[in-house]
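The values are calculated or read from the model by the stated rules, or taken from the named source; none is laboratory data. Here the structure is a predicted model, which is why all the values come from computation and not from measurement. Positions of Cβ are generated from backbone atoms using ideal geometry, with glycine treated the same way; all protein chains shown enter the neighbour counts. Keep in mind that these areas ignore ligands, DNA and RNA; they rest on the heavy atoms of the full protein, side chains included. Shrake-Rupley method; radii C 1.70, N 1.55, O 1.52, S 1.80 Å.
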Amino acid sequence: MVTMPTSPQPTITSLTELASGTDDIAALSGGKAAGLARLVRHGLNVPAGFVITNALSDIFPDALSEHYLALGNGEACKVAVRSSALGEDGDAASFAGQYQTVLNVIGLEDLQTAIARCVDSLHSQHADAYQQHSTISGSTMCVVVQRMVDARAAGVLFSADPVSARRDRLIIDAVPGLGEALVSGEQTPDHFELDNSNSVCLKELVSDTACLSDAEVQQLATQARDAEKKFAQPLDMEWAIDQHGELFWLQARPITTLPADLNELDTPIAPDDILTTGNISEMMPGAVCPLTFSFTFRSIEHGFQHMDVLMGAQQQVEKEFKQVAMFYGHMFINLTGKVASTPYVLGMDAEMAGHSICGQPVPQLKAPPLKSLFTRLRGGWRFAMFLRGADKTIEAFEARVKTQFKLEHQHDPRAMMLHLDAMFNWINEMEEVHVRSSATSAVSEGILQGIYCKGEEPNQQQMGVLAKLIQGADNVVSAVMLDELDVIIDLIATLPGAADHFQHAEAQAALNWLQQQSQAAELFTQFLDKHGHRAYRELCLREKGWQENPLPLIQTMQASIAARFVDQQTGRSSTEKQTIDLQQFNRAVRFILPYVHNGIRRRERTKTLLAYITREFGKAYRHLGQLLVQSDVFPDEDLVYFFTHDELLAFTALTDNAELQRRTDHAIKRREAMDYQERLQMPEICSGIPVPVSPAPVSGDSKVLHGRPVSHGIVEAPCRVAFTPAEAAELKPGEILIAPITDVAWTPYFSLIAGLATDIGSSVSHGAVIAREYGLPAVVNLRHATEVFKTGDIVRLDGDSGSLSRVE
């Protein structure tokens, strides 16, 4: 005779008894029971109850009646009956709402019916679909029974915001009475958001009176933060406050949808440090991946500190981040750290430093006390020598790059990473050179402004004159690149079928057609050989250059070629580059002006070299990612960018497969986090740790904005608001481009537009330099242009006075 296997029999355990055991034992009672047991163990107030392990719909534990009556002190009482399946409320999936909950159950018979309903819900249609989607199967149902709370108010609490993924936000949603109406979506809750200090930063009430007092909000937040620390992870919690004001916790489970901590790689700063996204957002708008942070921004910090060492402001370059900072994946310049060197150098001060970086005064920025006159004289002389040696330093470094810089692709991940580490100092040296080059530009322009404005802050008219003076710089590498691209576009416009096969085709089809046109294809290949390292966000290692992915460049060429097919006037006739009579200015202005022009050329020259070295490293790191894919370690090559450089060094030395998998999984979570970081808008200037801000409440009725004029001329035309180069592909000939900022990836559009307006920027920003080369009116630092104006608005851009206005 064959003996059939029997299912484990149901057992019953009080929550207090379960809490006295280990987490592993509690987990055998399902996720909900395990969470309640941990709350009890950590001293939080939980309604009395018990859990039935291995619950069945037709067999009940012998002690069920005894445990039930004990909840009512020997009498039948109202209880809540909830599912607690194995796998439910876990780290991987919450199973929220998938299984049965029965409230206000009274009497043993109704209790048994409620238990059976919970058990039967294990294989309901929607639960099976959820299990299939989450790839987690629920094979065993346990059931939690707790005394009902006669709730005056109830709700849910998230110790981190599950929508924005911010872990510095605690969310409370509350409704009068039972919380089931909230969970089911039948009732709109009062909504509270609290920061790390438990201050309420947002309160949205359904009616005039909140269902929670201020003290109750604080009690919820304080206990939840304590639970989060003890659970060592962000929590999704349910709670209820009874008619006597007593707080009960009904559930605690991990927030399963969170990515990695958005603040994981934040750098330490002093509480009163002044930070800015200033000109760093010109180089790298938005969030950056961990590898770019540890490569590009580590080298920028190195370059800044190296300059301070040469000026005598510090002894050596240190590993500590002093002048660059990161929060929420966004980069900042630490202005307080930047001005720490000014007391050592005669002629430097906090006001000058703040203005050169932010393009505006920063009143709250204060430099430390001045050093002795001798120290400042010595620092001033060293700084002068630092600037004077710029050209020789650049030429020597360029020569070394041509003959010695080469990243070899190895065949083994460890060997490849060791090679990258050995070559790392190239980017540090590159930043030393670029900081020196940029300093010559900033200093010469500051001197010009000081001479012309007689040491005063320039007004709008004076800024317009300064823009005309700066406009004389020629042979700027970014503008030369655009001239070369224009030659190709002009040639394409003459080819038969260009409109159908290039202008109106998909980008890949347009590229395929271009590669079949012998002369144009040859010129395009030569262009990529020379400029293929340029890209959008070109200091990000993750971005591919035009050589690797020419499709974004093709899209801009498609937009630009439309201008060649337009016979009518585009509205740019009044913006031709004009010369300015220098004799109307004093001798000092005429003397310094060539140095200003040289500084602009020099800065763009080293910037393109910096882009080249960054792109080569980016390709080499990508090759490392490919090797790790081939070794069955990474799911895709892109994941390499979500480790820091030092983490990759340690990672490629590991032999423990479990640890390799754990770190790989964490990198995947970091990649998910970057999607959330990208959505955050950071303050332009702040004191202390920056906090993401909501978009500024700028009135859409605003008719005039004022910024910094950087290229003279006046034009009226429809505008096109674009936030990325891809969006700018919709530009029509003669439109005024309004963008947050532009970099080299936007360059091809300058032959198409009638003028440029940006939210941020300075007179040496990429857009300012190229606009001057093309004789386009341009205004930067408008702050809110992308918010105030909409695509299609007719606007007047005044590059002489620095204004952008809507034309009725």
For this session: Return the sequence-ordered ³J(HN,Hα) values of segment 202-207 in whole Hz as given by the Karplus equation 6.51 cos²θ - 1.76 cosθ + 1.60 applied to θ = phi - 60°, using x for Gly and Pro.
Result: 8, 9, 10, 9, 6, 10
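Find the accessible area per residue for the chain; the probe is 1.4 Å, ligands and nucleic acids are left out, and the unit is Å². Each step should come with its number before you reach the end.
Values: 34850 Å² over 808 residues.
Ligands and nucleic acids excluded, the figure is 43 Å² per residue.
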For this session: Enter the Cα centre distance for the pair segment 184-250 and segment 335-408, rounded to the nearest angstrom.
Result: 50 Å
Exercise. Using bins 20 angstrom wide from zero, how does P(r) for the chain break down, in % of all Cα pairs?
Worked result: 14, 38, 30, 16, 3, 0
For this session: Could I get the Rg over Rh figure for segment 294-387? Both from C-alpha atoms, Rh via Kirkwood, rounded to two places.
Result: 0.97
Seminar exercise, completed: Taking protein heavy atoms only, a 1.4 Å probe, and rounding to whole percent, the accessible area of the chain owed to carbon and sulfur comes out at 51 percent
Problem set entry | Cut-off 16 Å (backbone N to label point 7 Å along Cα→Cβ of THR724), residues of segment 487-518 | 507
For this session: Assuming R0 = 45 Å, can you tell me the calculated FRET efficiency for the pair LEU205 and HIS504, based on Cβ-Cβ distance, to the nearest 0.05?
Result: 0.25
Seminar exercise, completed: The lysines whose Cα lies under 20 Å from the Cα of LYS402, excluding any fewer than 8 residues away in the same chain, are LYS392, LYS530, LYS607, LYS619
For this session: Could you name the lysines whose alpha carbon sits less than 24 Å from that of LYS78, not counting residues in the same chain fewer than 8 places away?
Result: LYS32
For this session: List, in the order given, every pair from LYS366/LYS468; LYS230/LYS322; LYS319/LYS406 whose Cα-Cα distance in the structure shown is over 29 Å.
Result: LYS366/LYS468; LYS230/LYS322
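Report, in cubic angstrom per residue, the convex hull volume of the C-alpha atoms of segment 445-508.
Looking at segment 445-508, the number lands at 158 Å³ per residue.
Taking 0.36 nm per intervening residue step and subtracting the Cα-Cα distance, what contour gain separates THR16 from LEU69 on full extension?
Numbers: separation 53, 0.36 × 53 = 19.08 nm, distance 1.61 nm.
17.5 nm is the gain from fully extending THR16 to LEU69.
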For this session: Arrange the peptides 228-235, 321-328, 750-757 so that the one whose residues have, on average, the most other Cβ atoms within 10 Å appears first.
Result: 750-757, 321-328, 228-235
Problem set entry | Nearby aspartates and glutamates by direct alpha-carbon distance to LYS790 (threshold 20 angstrom, same-chain neighbours under 8 apart not counted) | ASP701, GLU716, GLU727, GLU730, GLU735, ASP759, ASP798, GLU808
Exercise. Hey, any idea what Rg/Rh is for segment 397-467, computing Rh the Kirkwood way over Cα pairs?
Worked result: 1.34
Exercise. Which value at 222 nm does the chain reach when only helices count, each DSSP H run of 4 or more adding -39,500 (n - 2.57), with the total divided by all residues and rounded to the nearest 500 deg cm²/dmol?
Worked result: -13000 deg cm²/dmol
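Could you tell me the calculated FRET efficiency between ARG414 and SER197, based on Cβ-Cβ distance and R0 = 41 angstrom, to the nearest 0.05? Mind showing how you got there, number by number?
On the way: r = 45 Å, r/R0 = 1.11.
Once rounded, the FRET efficiency stands at 0.35.
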Exercise. Hey, what did the chain get for relative contact order, percent, Cα under 8 Å, at least 6 apart?
Worked result: 12 percent
